[in-house]
Every structure is written in C-alpha cells, then in structure tokens.
1. If we keep just the residues of the range 36-56 that are surrounded by 11 or more Cβ atoms within 10 Å (Cβ to Cβ) and at pLDDT below 90, which is nearest to Leu95 (Cα to Cα)?
2. When you check Arg135 against the structure, is it modelled with pLDDT under 95 and not in a loop (DSSP other than H, G, I, E, B), yes or no?
3. So Cys77 clears everything in (1) of a type outside the set (S, T, N, Q); (2) more than 14 Å from the chain's Cα centre (by Cα); (3) modelled with pLDDT under 95 except one condition, right? Which one?
4. Any residue at all in the range 50-66 that is on the phi < 0 side of the Ramachandran plot, in contact (Cβ under 8 Å) with a residue 60 or more places away in the chain and under 14 Å from the mean Cα position of the chain (by Cα)?
5. Could you check how many residues of the range 80-94 are within 15 Å of the chain's Cα centre (by Cα) and either closer than 25 Å to Ile118 by Cβ or among the polar types (S, T, N, Q) (or both)?
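The values are calculated or read from the model by the stated rules, or taken from the named source; none is laboratory data. Nothing here was measured: the structure is a model prediction, and the numbers come from that model. Every residue, glycine among them, receives a Cβ derived from its backbone with ideal geometry; neighbour counts consider all protein chains shown.
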Amino acid sequence: MYTFVLILLLLAIEKGETKAKLDYSERLALAKSHYNLVTFQYMCGTPQPRVKRIEKPGFTLMPSHTVLHRCGDSTGCCDTVAKRCVAKTKEKVKLYFRMIPINSLQRRKNQMKVEKLIFTNHTECHCVDKRHIPR
C-alpha cells in the first residue's frame, strides 16, 4: 500500500512540474512576442508627434498648442539601457499664431496680431550612448 501511495505522489509531482513547465513556456513565448513587438515596431528612428503648449506673456495664443515631432525615451526604444533615443537630424519650422492681448484695453483697440514663431522639429532619431549626451 505504501508503494502505491508513493507512486501516486510521484505522478502528481511529475504532473505538477509538467504543468509548471508549460506555464513557463507559455509565459516565455508571450515575453518573446512582447519583446519582438517593442523591438521591431517601436525602435528609435522615426520621431513621434507630441503636443506642446505655447505661451507668450501678456497674450492668449490661438491655437494655444502645436504639434512637434520628437525623439526620446517615450518615442522609441534602443537595444540597451545604456543608450537613449535622441535627434539625429532637425529642421526649423515656422508656425503662425493669432495673438490676443490679455489686457482688455488693448483688446478693445483691436490689437490682435499674427506672429510667426520658430520651433525645432526632430526629423530623424538614433540611439546614442548616455555617456555622450550633454546634460
């Protein structure tokens, strides 16, 4: 009787290990799939659009925000944590805003104007060793 119980116990342990290995194999496959998704679809290289609030003292700007393309930790991955995604190439962009004075006297005199503001757009990203990035 003792041998029979021991055999049943060993079979139960073996099945438990197999189940654990299957669970591990499934989890490993999911981890690899996630790695491939992030690594191949979201690698550092293409700048991503980011909304930026624009402010000018004494004025309300219309629009109050604009969209600029950026490289950075939230826009693309590098193959190691020792590197960061930074702009490789940039270009200046000229954007026009309506500027409405906050001062009510100026507003009554119809002092609204249109002003050109210049921003920098990132056009290409690449991974750079963190030690070579100026702070």
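1. Tyr42
2. On the way: modelled with pLDDT under 95: yes; not in a loop (DSSP other than H, G, I, E, B): no.
When the stated conditions are applied, Arg135 does not pass them.
3. (2)
4. no
5. Of the residues in that region, 3 qualify.
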